[in-house]
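What follows is calculated from the coordinates using simple rules that are stated; it is not laboratory data. None of these values were measured; they are calculated from a predicted model. With ideal geometry, Cβ positions are generated from the backbone for all residues, glycine too; neighbour counts draw on all protein chains shown.
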Amino acid sequence: MCFHNDNFFVVSGGPGAGKTTLLVELATRGFPHAPEVARQIIRQQVKVGGAALPWADRAAYTTLMLEGSIESYVAHLDAAKPVFFDRGIPDTLAYARHIGLGETEALERACQRYRYAPVVFLAPPWREIYVTDSERKQDFAEGERTYDHLAEVYRQCGYAVLELPRVSPAARAQFVVEQLRLGG
C-alpha cells in the first residue's frame, strides 16, 4: 500500500540553513509543522547513553531516522490542511548514501511508499547563518555536500526541488506561501 498526501510539504536542506526557523515563522501564520526526527533521536540517544548517533553507530541512527520519519508521516495522515515537515523520508535515504551505507533498498521502498506533495523546499547552504551546536557537529563544507545529496535524492524520488531564497525568515515564509498559493 502506498500513501500520498498533497497537504504534506517538506522543508529540507543541509544543516544550519534555516529550515527550523522558517517552520517556526510558518507556524506564526497558522501552518503546523512536524519537528525534525533526527534531532529528537540525537537528544534521546544522548540522554540514555545510546550509540545510535551520527558520530557513533550510523547504521542504527539511520534505522531510527527511518522509523521516526514514517511514524511522523503516519501521525499526520488525517491532516486536511497543509502540514510542513522538517525533513522527509528521502532525507534518510540521502543520509545513508552520503555516509556510504550499502543497504538502501528498504529506504528506497519507503520513499516510494510514503509520498509528500510534489514540490519540496530546499534551504541552500548559507555561510552567514551557519552555526554548530551540541547536535550539529558538521562543518560548513559538510553542509554543502549534504545539500547536494538531498537535492539529488529528492529529484530521483520524483519531487520538484525548489530552492529557498537566502532572505529573512519572514520573507522565506512569504515565498513558500506564495509558491503554494496558500494565502496567509
Relative to the present Cα-Cα distance, how much length would full extension add between Glu71 and Cys2 at 0.36 nm per residue of separation?
23.4 nm
Calculate the spin-label point distance for Ser168 paired with Asp78, positioning each point 7 Å from the Cα along the beta-carbon direction, and give it in nanometres.
3.8 nm
For the chain, what log10 I(q)/I(0) values come out of the Debye formula at q = 0.17 1/Å, with one point per alpha carbon and no solvent?
-1.12
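Just need the relative contact order of the chain here, percent rounded to a whole number, with Cα pairs under 8 Å and 6+ apart.
Values: 280 pairs, mean separation 65.4, N = 184.
The normalised contact order for the chain reaches 36 percent.
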What GluC sites (Glu not before Pro) does the range 29-115 have in DSSP loop regions with at most 14 other beta carbons within 10 Å?
Glu103
What's the magnitude of the charge dipole for the chain around its Cα centre, counting Lys and Arg as +1 and Asp and Glu as -1 at the beta-carbon? Answer in Debye, nearest 20.
260 debye
Interchain or long-range residues, amide H under 5 Å from Ile99's placed H
none
What are the ³J(HN,Hα) couplings of the range 86-103, residue after residue, when phi is run through the Karplus curve with 6.51, -1.76, 1.60 and θ = phi - 60°? Round to Hz, x for glycine and proline.
7, 5, x, 4, x, 4, 5, 4, 4, 4, 4, 5, 4, 8, x, 5, x, 8
Distant-in-sequence amide H partners of Leu122 (H built 1.01 Å from N, under 5 Å):
Ser12, Leu162, Glu163, Leu164
³J(HN,Hα), Karplus 6.51/-1.76/1.60, whole Hz, each residue of the range 160-165, x for Gly, Pro
8, 9, 10, 6, 6, x
Calculate one ³J(HN,Hα) per residue across the range 152-159 by plugging θ = phi - 60° into the Karplus curve 6.51 cos²θ - 1.76 cosθ + 1.60, and present them in order as whole Hz with x for glycine and proline.
5, 5, 4, 5, 4, 7, x, 9
